[in-house]
Amino acid sequence: MSGSVLTEPLLFYLRQPMSEELSHEQLVAFADQFGTPLYVYHAERIKEQYNKLLTSFAGADVRFFYAAKALTNINILRYIKNTGCNIDCSSINEAKLAVVAGFEPENILYTSNNIAFEEIEEAQRMGIHINIDSISNLRKFGLKFGHNYPVGIRLRPNIMAGGNLKISTGHADSKFGVPLEDIEEVLQVVKETGLFIRTLHIHTGSEIQDVEVFAKGIEVLFDVVKYFPELEVIDLGGGFKVPYKPGDEGTDIELLGKKVKEEFEWFEKKYNRHLQVWFEPGKYIVSEAGYFISKVNVLKPAGEAIFAGVDTGLNHLIRPMFYGAYHEIENITNPTGEKKLYNVVGNICETDTFAEDRLLPEVREGDYLVFRNAGAYCFEMSSHYNSRFKPAEIMVKENNAYLIRKRDELKDLLSGQAEINS
Ligand code: LLP
């Protein structure tokens, strides 16, 4: 365990029994105790999401690999491991963190994209599952390991899907995967090198609401299974949508479970071949378990609205500025105040707007505003921009709040810098 992560439980006895959501009172108490800005993760909510997957896919031969890139705090990884979920990694370092968290190699998947072959060799030495996404690396892998190490191919299925173009990964102009139209060349490489292709993988995007998109992916893959006699697994990636806005609908996971079972049973009957299904959900597992609490520093006029300037910025939560993402905001210290229009903005030295013309209960300087859906790709995409400290992170588990990452200090900004005689 690294020195910067505190394992000592800072016990905090909550006044209320744990429910599916953390209450305003609980969040206010955390902010008072641990300071702001503060990321809060509700462990039981993570488990609940994983259990929903298990229930919805009951009866299917399915494995879920949590897409670690969404949130990699080691305590979160360990908690997810203890739920029984597997893990999907997008870099060799994530794979190493997975090992630190206690995942067995058999339960670690590395879905790579445009990486150096040396990194694939390292993953092979770790004994983990690997999905390779270029013919160039596939050829190198085949030449080196031949039939000795089963491997997966990440295909680009040419399907447009996902919440916005930045998070769409399976379309015909996307950098991800081996284009489906290059399948002949793939088969040539397999033939020449004797590769053992165990898995075919696709990941078409994030925030895919429509179950039919997954069905289309299955159809595309079923079409090419015939070329791979040793295939055991179809990996459909991640991308399940969760609600962000009031009225938003997430992916209908029950329907997806039913559809997947039907499709794979049909395939098995028709071709007398059994295939296992893998998924790599990130947002679905952790997004709704996360809360990001900030404090209002200043109020300023903003035309019809009012600027609420908070003690955080795009350095800590970049999704609104980067993707135009919507995060629900609640005023947890004045929830019954008269509703007014606010532009919630950060403290970074460039435009960093979290929300424009948002109706919120009256905001006063010193109020705490909480951003919802702050579990996935929030802390994980944070930076030290403007030399501001990264926020602290806490995990709430079985009614106790644990500090799982301390707030930065000045030495953290200098750490790793070499001082020369400049
Ligand atoms: N598998 C692969 C190969 C992926 O590239 C991703 C996400 C996932 C699984 C998990 O997708 P999820 O279930 O979380 O949608 N930073 C963006 C999302 C980028 C997703 C990148 N790949 C955001 O904040 O919306």
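The values are calculated or read from the model by the stated rules, or taken from the named source; none is laboratory data. None of these values were measured; they are calculated from a predicted model. Every residue, glycine among them, receives a Cβ derived from its backbone with ideal geometry; neighbour counts consider all protein chains shown. Just the protein is used for accessible areas: all its heavy atoms, side chains included, with ligands, DNA and RNA removed. Shrake-Rupley method; radii C 1.70, N 1.55, O 1.52, S 1.80 Å.
Enumerate the calculated ³J(HN,Hα) couplings along the range 53-68 in order (Karplus 6.51 cos²θ - 1.76 cosθ + 1.60, θ = phi - 60°), each rounded to whole Hz, writing x wherever the residue is Gly or Pro.
Running phi through 6.51 cos²θ - 1.76 cosθ + 1.60 with θ = phi - 60° gives 5, 4, 5, 5, 9, 3, x, 8, 8, 10, 10, 10, 10, 5, 6, 4 Hz.
Using the Cα centre of the range 13-115 as origin and beta-carbon charges of +1 (Lys, Arg) and -1 (Asp, Glu), tell me which of 54, 113, 76 is placed farthest towards the positive end of the dipole.
Going by the charge dipole, the pick is 113.
Place the peptides 234-240, 181-187 in order of packing, highest mean first, counting for every residue the other Cβ atoms within 10 Å and averaging per peptide.
234-240, 181-187
For residue 171, what accessible surface area do you get with a 1.4 Å probe? Give it in Å², rounded to 10.
20
Considering the Cα positions of the range 15-89, please state its Rg to one decimal place and its Dmax as a whole number of Å.
Expressed in Å, the Cα Rg and Dmax of the range 15-89 come to 14.9, 46.
Would you mind checking the tilt of helix 117-126 against the longest principal axis of the Cα atoms of the chain, expressed as 0 to 90 degrees and rounded to 10?
90
Could you tell me the distance between the Cα centroids of the range 209-229 and the range 111-151, to the nearest Å?
Their Cα centres are 23 Å away from one another.
Using the Cα centre of the chain as origin and beta-carbon charges of +1 (Lys, Arg) and -1 (Asp, Glu), tell me which of 341, 253, 196 is placed farthest towards the positive end of the dipole.
Working it through, the farthest residue towards the positive pole turns out to be 196.
What dipole magnitude, in Debye to the nearest 20, does the chain give about its Cα centre under +1 on Lys/Arg Cβ and -1 on Asp/Glu Cβ?
480
Percent of alpha carbon pairs in the range 172-292 separated by more than 19 Å?
53
Pick out, from 354, 389, 176, the residue whose Cα sits farthest towards the positive end of the charge dipole of the chain, with +1 on the Cβ of Lys and Arg and -1 on the Cβ of Asp and Glu.
Comparing the listed Cα positions along the dipole, 389 ranks first.
Per residue Cα convex hull volume for the range 55-135, in cubic angstrom?
In the range 55-135, the Cα hull volume divided by residue count equals 105 Å³.
From the phi of every residue in the range 93-105, what ³J(HN,Hα) in whole Hz does the Karplus formula 6.51 cos²θ - 1.76 cosθ + 1.60 yield, where θ is phi - 60° and glycine or proline is x?
With the stated coefficients, the range 93-105 comes to 5, 4, 5, 5, 5, 4, 5, 4, 6, x, 5, 7, x Hz.
Quote the charge dipole size of the range 43-286 about the Cα centre in Debye, to the nearest 20; the model charges only the Cβ of Lys and Arg (+1) and of Asp and Glu (-1).
Roughly 420 debye for the range 43-286.
Where does each of 341-353, 38-50 land if you order them by average Cβ count within 10 Å, highest first?
Ranked from most to least packed, the peptides come out as 38-50, 341-353.
Run the helix sum for the chain: -39,500 (n - 2.57) per DSSP H stretch of 4+ residues, divided by residue count, reported at 222 nm to the nearest 500 deg cm²/dmol.
Calculated at 222 nm, the ellipticity per residue is -8500 deg cm²/dmol.
Quick one: which residues, 5 or more positions from residue 390 or on another chain, have an amide H under 5 Å from its amide H? H modelled 1.01 Å from N in the peptide plane, none for Pro or chain starts.
408
Taking θ as phi - 60°, what are the ³J(HN,Hα) couplings along the range 182-196 by the Karplus curve (6.51, -1.76, 1.60), each to the nearest whole Hz, with x for Gly and Pro?
These are the phi-based 3J(HN,Hα) values: 9, 4, 4, 5, 4, 5, 4, 4, 4, 5, 5, 9, x, 3, 9 Hz.
For residue 130, list long-range residues whose amide hydrogen, built 1.01 Å from N in the peptide plane, is under 5 Å from its own amide hydrogen.
Answer set, sorted by chain and number: 110, 152.
Based on a Kirkwood Rh over C-alpha pairs, give the Stokes-Einstein translational diffusion coefficient of the range 43-286 at 37 °C and viscosity 0.692 mPa s in µm²/s.
The estimated diffusion coefficient comes to 182 µm²/s.
Just to be sure I understand: if I project the alpha-carbon convex hull of the chain onto a plane and average over all orientations, what area do I get in nm²?
Average projection, Cα convex hull of the chain: 23.1 nm².
If I take the Cα coordinates of the range 296-422 and project them onto the principal axes, what are the three extents in Å, biggest first?
The Cα atoms of the range 296-422 stretch 55, 43, 27 Å along the principal axes, largest first.
List every residue whose amide H lies under 5 Å from the amide H of residue 276, counting only residues 5 or more places away in sequence or on a different chain, with H placed 1.01 Å from N in the peptide plane.
233, 234
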